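Working notes for the structure below.
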Amino acid sequence: MTLFKAFLILLRGPAEMIGPEYKWKQSILSGAIIFTIISPFLAFVHSMPYQGVIPPDASVLKERGVFVFGSDQHGLKKYPFIDFKAENGRAYRLQDYIGYDSIFEFNKANPGNQEVYAEGFFLRDGVGRFWPTQVTTIDGKVLLGKDSQRVALMSARDPLGTIFYMYLIAGFFWILSAFNVIKIKKKALQD
């Protein structure tokens, strides 16, 4: 029996040739195939909201205001969000809700005065969500630095980073599947 034939047996059966927990083993192989095929598409879709011009080409919003942490519920699932509510009364939804622990801690430590100074821009050439480039307290303490925000944005904009992590998962599934294919081949040679 060849490895290719053992691979086809793992993919399609029969169950008695695969051995115990055959459905689980077939699911791992299916996961490897699916992750390998859809990873580029998912990485591209994930990076889309972060595209567009960035400062200095994009206009920068500089406002005083407060950050509001909350969640919307759609059906049974809750979706967390962060809004920046500027002094002018407008609210700007942030693209991400992860990575803003310093602001959350500041809000928790200062329940009576959570006002900050924020600089940022709108992703997707002004039609996307708000991306803060720097956030400081009114007295100048940096809560979010320009360098860390730029690194986070560049990482999110690059689909290759997401593909790398997705291919790591796929690679793990492929390794497990390769062990299962070898077991099938050995079992067939023994029979």
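What follows draws every value from the coordinates through simple rules; no lab data is involved. Fair warning: this is a prediction, and the values are worked out from it, not measured in the lab. Ideal geometry is used to build each Cβ from the backbone, glycine not excepted, and the neighbour counts take in all protein chains shown.
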Of Pro159, Pro132, Pro55, which is the most mobile in a GNM of the chain whose springs link Cα atoms less than 10 angstrom apart?
-> Pro55
For Asp125, Asp139, Asp83, ascending order of other Cβ atoms within 10 Å (fewest first) is Asp139, Asp125, Asp83
Amide H contacts under 5 Å for Arg129, placed H, 5+ residues apart | Leu123
Positive dipole terminus of the chain, leading residue within Leu123, Ile28, Phe172 (C-beta point charges) | Ile28
Determine the calculated [θ] at 222 nm for the chain from helices alone, applying -39500 (n - 2.57) to every DSSP H run no shorter than 4 residues and normalising by the residue count; nearest 500 deg cm²/dmol.
-> -16000 deg cm²/dmol
Residues whose built amide H sits under 5 Å from the amide H of Leu143, excluding neighbours closer than 5 in sequence, are Val135, Thr136, Thr137
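Taking only the alpha-carbon atoms of the chain, what semi-axes of the equivalent ellipsoid follow from 5 times the gyration tensor eigenvalues under a square root, in whole Å, largest first? Write out the running numbers ahead of the final one.
Details: eigenvalues 500, 61, 37 Å².
Calculated on Cα positions only, the semi-axes equal 50, 17, 14 Å.
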At what distance in nm do the modelled label points of Ile175 and Glu16 sit from each other, each positioned 7 Å from its Cα along Cα→Cβ?
-> 3.4
By counting other Cβ atoms within 10 Å of each Cβ, how are Trp131, Trp174 ranked from fewest to most?
-> Trp174, Trp131
In vacuo Debye scattering of the range 51-154, one point per C-alpha: log10 I(q)/I(0) at q = 0.17, 0.25 Å⁻¹?
-> -0.78, -1.53
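Taking the Cα centre of the chain as the origin, how large is its charge dipole in debye, to the nearest 20, when only Lys and Arg (+1) and Asp and Glu (-1) carry charge on their Cβ atoms?
Details: 22 positive and 17 negative charges, 184 e Å.
The dipole of the chain has a size of about 880 debye.
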